[in-house]
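Step one of this worksheet: look at the structure below.
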Amino acid sequence: MGVPIIRTLAEIDATVRKAMRGHGYAWGLAEEAGKAARWLASYGLPAGQVMAELASSNDGFGSEPQTRTCPLTQATALADRALALAEPITMTAEQPLLILAQMGRAADALDRAFALKCEAFQANIARNSLTITGQGDLLAPTSHLICRPAIPIPGSPASPAACAVDACSWETLCMLAERILVPASDLSRAGAGTALSDND
Amino acid sequence: MMKTDIAPTTSSLRPPSEIMRLARMGSAHQTRLSFMRGLLRSLRREGWRFDRPVWNIDDTGVGHAVYRATGPRRSYSLVAFAHDLPDEMRSDRVIATAWDATFALFDGTPTAEDIDRLSRNVPKQEAGRITDRELSLSRANRSVRLWAHVVDRLAAGEQPDEEQIEAVGYLMRTTAVYGSGKFGAADRAVLAGRTVMSGPFRAEMLAVWLIRSFSLDLVEHMARVKGGECATQIAPDMRRRLGIGNSTGLGMAPFLVHHPALLDAWMTARETAIARVRALPSATAPERAHFMHCVAGAVRNAAGWRSEHPIQSVKLTALRDDLARLEAHLATDALSQPSPWNALLNWSETALSIEGQEQLAALILEPYGDLVDDLCTNMATDETATARIEGTMTVDALRALIARDYAWATAIDHTPADRCARFWYVSEEKLEPRLGQRHEEPGAEREEPLDISRAVAALASALNDVDGDTLLADFLMRDPQYRHTVRRIQTAASRPYSEIRDNLIDGAMLPIDMLRCKLAFFGATRFDPRSDRWVRICLYRNAPFPHELADMPEDSWAYP
């Protein structure tokens, strides 16, 4: 783990989105990752480390990650079905914080509450509210994560303030984000600006 | 008539098939709902006060100044840094590394330590770092010819030449105004709940308005240095005719595509305003007089609006002809008939060019502030809800949405080279959006998802092989490459103006159309394209300065 650096929620969202596209995810999943990172960061959770960990497998631009098993796809597919979630479901999860983030975003959008429980933590998420307790390693995988609809418990609101991001993770994400950039060419430079002088 | 009596139905709004086309978006004009006009109305109604607590500029024009706006609960300060920029370094492009002046909008009143911190970062712009005490970061270059002329004239105790003021319209033009969390600035969410800042781009609009004051103060300062006792100030009327310029390139264009719910909110507000006025059964004499005054202002504006760009030149000629035709039509007592505004807009559909039609649609709002200005509060939107995909929707339901909302996209054959000639990407050089030639340049594999019509057509084709009862959650788990497109389609389902209904990778697509649409919502005038992807504009031309805001009639400056 590196020293923390300060980044805004907008920077975290944008950088993670680009990084995950650079890592090889489809744009739509990369967008999910960016928003999930923003959600985690707004509650002071380790967004940078979660996303750097996500990018540590299936590395390589253009090689689609194994979508059926990857933690981002798992969390996103669960959140896609959040409206229909009536009974508790139990699952294994490589990255339980990704599940928390995606269900948290679903809670915001649907104005519903959900509860998550695993070895490391238990959480209640509702619109603009999180209650999380537990002593375990938030980043540890779990073989027994339960997700269920819940009654909302008043918790901490999301903070819009800039927040600390682990520096090593941030560096990893920035390097991945660079993969979507296109080097300048004479043709691109010629087309980008004005054809006329600015000294007028 | 009260606005509760004017409740246009969705069907009475102009249809998206008509107004979400690039040709029409690229003919947009500022309106009463434009962000800068909404900001000045809010500042005036809340009784904001303005001062300049710091002016530390030396005889070479180098130093810093602070402009402060103080409201009932908060204050904001523009911290301005003036630099000595050699002519050969002056460039409006994002690849520039130095400017005539650089700025940050500070949340509150900055201390000496804050100014010291900003002085080490703001002049570097993207290479520096600001904090969430700052709401925006920006820079500006002088209009070289007008700057020198105004300094010389004022130094000699004379007023500047009116024609030169009219020809350029500003002393400085901003070349980037960053906000919303960029380079460390406060995230938009920080501004939530602050009345004056609650609309789109309000912090940026406030910064630009104060930059205009700085540009005038600095030119008068330089004239005093040069002319000493002989120097004079610009007469208030002429001073007000100077706005603040802006030079904008491709970087702004993808915004409208990346924020479909916001685009829908802007368009819905404007179209609802137009529909409310069209629904009026008659116009009073004062309302007609107000409108006629604004038409005359529009005629003067079109006469003074200059552009050497071949496309805009043609449009300007058409606009001038349109306005002459409009004046002739109005002379036939066209406003005396029942539902005069609706009749007038119906007439314009065949009588005027698109440029003229959009100018007229903006003009009919002018007499009706009480009826339409409240719509400004609907122009910001919470994008949280649209970021989520509803995975319990079936493939059949998605097919129905595509058929209803995207027939324009699936009708396009993207196979010919010219139909997919472009690709949008982010440049390694400046991290800015650019547009490449797909068949001539490398990099298309790193394309940004702005190929909306092609992507929807591909999705529609892929859905042909999928059972209609399949849930989207299952389909997207298997085929995540369509996820971005499905999100857009679900967003558009209840937001009819969220999508530009043209092929954004077509060889004939003009990025300046996207720029103009966004800039018109800001309140820009005098669009002057410098290429097909680069445009200069003027902001706040004829607007009151901060010290005049309380004493001038509200929002009376757009068509002087």
Residue list for region B:207-226, filter: open to solvent by 10 Å² or more (accessible area, probe 1.4 Å) and of a type in the set (A, V, I, L, M) = B:M222, B:V225
message = Just to be sure I understand, how many residues within region B:410-430 are touching a residue at least 60 places away in the same chain (Cβ under 8 Å) and either in a strand (DSSP E or B) or within 14 Å of another protein chain (Cβ to nearest Cβ) (or both)?
response = 6
message = B:E445 - would you say it is at the interface with another protein chain (Cβ under 8 Å from one of its Cβ atoms), open to solvent by 10 Å² or more (accessible area, probe 1.4 Å) and assigned to a loop (DSSP other than H, G, I, E, B)?
response = no
remark   = Condition set of a type in the set (A, V, I, L, M, F, W, C) and open to solvent by 20 Å² or more (accessible area, probe 1.4 Å), scope region A:7-26, selection nearest to the other protein chains (Cβ to nearest Cβ): answer is A:A10
ask   = Which residues, counting only those in region B:347-379, are surrounded by 20 or more Cβ atoms within 10 Å (Cβ to Cβ) and under 25 Å from A:R38 (Cβ atoms)?
value = B:M379
ask   = Taking B:G243, is it open to solvent by less than 10 Å² (accessible area, probe 1.4 Å) and at negative phi?
value = yes
remark   = Note on B:A462: of the conditions (1) within 28 Å of B:M252 (Cβ to Cβ); (2) part of a helix (DSSP H, G or I); (3) touching a residue at least 12 places away in the same chain (Cβ under 8 Å), unmet is (1)
ask   = Can you pull out the residues in region B:432-441 that are open to solvent by 30 Å² or more (accessible area, probe 1.4 Å), part of a loop (DSSP other than H, G, I, E, B) and within 7 Å of chain A (Cβ to nearest Cβ)?
value = B:E440
inquiry  = For the list (1) charged (D, E, K, R); (2) under 25 Å from B:R536 (Cα atoms); (3) in contact (Cβ under 8 Å) with a residue 40 or more places away in the chain, I need the number of the one condition that B:E158 fails.
reply    = (2)
Those residues of region B:493-522 which are small (G, A, S) and either farther than 18 Å from B:M379 by Cα or open to solvent by 10 Å² or more (accessible area, probe 1.4 Å) (or both), in sequence order = B:A493, B:S494, B:G507, B:A508
request  = Give the residues of region B:415-431 that are open to solvent by 20 Å² or more (accessible area, probe 1.4 Å) and either more than 29 Å from the chain's Cα centre (by Cα) or of a type in the set (K, R) (or both), sorted by residue number.
outcome  = B:T415, B:P416, B:A417, B:D418, B:R419, B:K430
Subset tally (residues that are part of a loop (DSSP other than H, G, I, E, B) and either touching a strand residue (DSSP E or B) at 6+ places or on another chain (Cβ under 7 Å) or away from chain B (no Cβ under 11 Å) (or both)) for region A:70-100 = 6
Residue among B:T195, B:T109, B:T131 that is away from every other protein chain (no Cβ under 14 Å), in contact with a strand residue (DSSP E or B) (Cβ under 9 Å, 6 or more places away or on another chain) and either modelled with pLDDT under 95 or open to solvent by 40 Å² or more (accessible area, probe 1.4 Å) (or both) = B:T109
message = If the requirement is being more than 9 Å from every other protein chain (Cβ to nearest Cβ) and open to solvent by 50 Å² or more (accessible area, probe 1.4 Å), which of these qualifies: B:D451, B:D474, B:D469?
response = B:D469
query = For region B:92-116, how many residues are free of Cβ contacts under 8 Å to residues at least 12 places away in the same chain and of a type in the set (S, T, N, Q)?
reply = 1
ask   = Could we say that B:R288 is at pLDDT 95 or above, surrounded by fewer than 19 Cβ atoms within 10 Å (Cβ to Cβ) and of a type in the set (D, E, K, R) here?
value = yes
inquiry  = Suppose we filter region B:135-179 for residues that are over 22 Å from B:T525 (Cα atoms), within 13 Å of chain A (Cβ to nearest Cβ) and open to solvent by 20 Å² or more (accessible area, probe 1.4 Å); how many remain?
reply    = 2
key: Search result, residues across region B:62-90 that are open to solvent by less than 20 Å² (accessible area, probe 1.4 Å) and in contact (Cβ under 8 Å) with a residue 60 or more places away in the chain   = B:A65, B:Y67, B:A69, B:G71, B:Y76, B:L78, B:A80, B:A82
remark   = Of the listed residues (B:A96, B:A104), the one being within 30 Å of B:E166 (Cα to Cα), within 14 Å of chain A (Cβ to nearest Cβ) and not aromatic (F, W, Y) is B:A96
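The values are calculated or read from the model by the stated rules, or taken from the named source; none is laboratory data. Keep in mind it's a predicted model, so treat the numbers as computed, not measured. Note that each Cβ is placed from the backbone with ideal geometry, even for glycine, and that neighbours are counted across all protein chains shown. Quick note on the areas: whole protein, heavy atoms, side chains included, nothing else; ligands and nucleic acids left out. Shrake-Rupley method; radii C 1.70, N 1.55, O 1.52, S 1.80 Å.
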